[in-house]
Amino acid sequence: MTRAAVAGVSLVACLMALPSWAADRDKFIGTWKLVAIEDHRPDRTTSRMQLGPHPIGYIMYDRTGHMCVQILDPDRPKWAGGESTYRPTEEELRSTEEGFVAYCGRFEVNEKEKFVVHHVELEFVPNEIGADRKRQYRFAGNRLELSPSPEMKLIWERVK
């Protein structure tokens with residue numbers, strides 16, 4: 001076998017060893033704005049997803065393998081006091097927590113099975129830190145669909 005042939009075989013072997021997620025992983029990179037949450041469960045109950053009829057939010061993925069997401073109910077009640085020293089009531093705190101979802105961490109993409117895993121490192125609820133959140137994904141034009149369950153889909157649009 002010639003040196004050129006050996007080099008060619010070596011190059012092919014190296015390329016085959018690259019992670020299979022590389023192509024789809026690159027598609028995730030950027031900032032996405034929430035378009036809709038579709039919830040097709042009969043009872044419509046979702047843990048910590050009481051985000052109203054028109055939730056707003058962003059999800060961001062970067063090249064270092066980190067992600068952050070924030071979603072909130074824009075109609076959640078405002079606190080009675082507006083100044084920075086105001087101490088909210090228990091009810092105000094509860095409505096704030098129920099109308100807001102946010103977490104950050106690392107992410108991995110499995111292109112073969114079409115899922116992304118968010119490894120939660122920061123979260124409002126202490127018990128959720130260290131959790132892995134698996135989402136099936138699908139790209140459609142400038143949109144990203146993430147499905148935490150077969151009945152639920154979050155639709156995101158790439159921010160330009």
**OP:** Among residues belonging to region 114-152 that are small (Gly, Ala, Ser) and over 19 Å from residue 30 (Cβ atoms), point out the one that is surrounded by the fewest Cβ atoms within 10 Å (Cβ to Cβ).
**Re:** 130
Subject >> Residue list for region 91-111, filter: buried (at least 16 other Cβ atoms within 10 Å of the Cβ) and free of Cβ contacts under 8 Å to residues at least 12 places away in the same chain >> reply: none
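Among the listed residues 159, 120, identify the single one that is among the β-branched types (Val, Ile, Thr), touching a helix residue (DSSP H, G or I) at 6+ places or on another chain (Cβ under 7 Å) and more than 15 Å from residue 71 (Cα to Cα). Write out each step before concluding.
Values: 159 fails: touching a helix residue (DSSP H, G or I) at 6+ places or on another chain (Cβ under 7 Å).
Of 159, 120, the one residue that is among the β-branched types (Val, Ile, Thr), touching a helix residue (DSSP H, G or I) at 6+ places or on another chain (Cβ under 7 Å) and more than 15 Å from residue 71 (Cα to Cα) is 120.
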**OP:** Tally the residues that are closer than 20 Å to residue 114 by Cβ, loosely packed, with under 12 Cβ neighbours inside 10 Å and at pLDDT below 70, restricting the search to region 20-47.
**Re:** 1
Subject >> Search result, residues across region 93-113 that are under 18 Å from residue 29 (Cα atoms) and within 14 Å of the chain's Cα centre (by Cα) >> reply: 103, 104, 105, 106, 107, 108, 109
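Condition first: of a type outside the set (Asp, Glu) and more than 25 Å from residue 36 (Cβ to Cβ). Can you find one or more residues in region 105-117 that meet it? If you could, list the steps in order and put the result at the bottom.
Step one: of region 105-117, the residues of a type outside the set (Asp, Glu) are 105-107, 109-110, 112, 114-117.
Pick out the ones that are also more than 25 Å from residue 36 (Cβ to Cβ) and you get 106, 112.
For region 105-117, residues of a type outside the set (Asp, Glu) and more than 25 Å from residue 36 (Cβ to Cβ): present.
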Original post:
Filter region 81-122 for residues that are among the basic types (Lys, Arg) and out of contact with any strand residue (DSSP E or B) (no Cβ under 9 Å at 6 or more places or on another chain); which is modelled with the highest pLDDT?
Top reply: 112
**OP:** Pick out the one residue from 34, 51 that is in contact (Cβ under 8 Å) with a residue 40 or more places away in the chain, of a type in the set (A, V, I, L, M) and either outside any strand (DSSP E or B) or out of contact with any strand residue (DSSP E or B) (no Cβ under 8 Å at 6 or more places or on another chain) (or both).
**Re:** 51
**OP:** Any residue in region 72-90 that's among the acidic types (Asp, Glu): show its pairings with residues that are at pLDDT 90 or above and outside any loop (DSSP other than H, G, I, E, B) at Cβ separation under 9 Å, as long as the two are six or more apart or on different chains.
**Re:** 73/56; 73/100
Subject >> Qualifying strands (runs of 3 or more DSSP E) (wholly inside region 77-160; at least 3 residues being more than 25 Å from residue 54 (Cα to Cα)) >> reply: 100-110, 115-123
**OP:** Among the numbered conditions (1) in a strand (DSSP E or B); (2) under 17 Å from residue 23 (Cα atoms), tell me where residue 63 comes up short.
**Re:** (1)
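The values are calculated or read from the model by the stated rules, or taken from the named source; none is laboratory data. These numbers were taken from a predicted model, which means no experiment stands behind them. A quick note on method: Cβ atoms are made from the backbone with ideal geometry, for glycine too, and the neighbour counts reach across all protein chains shown.
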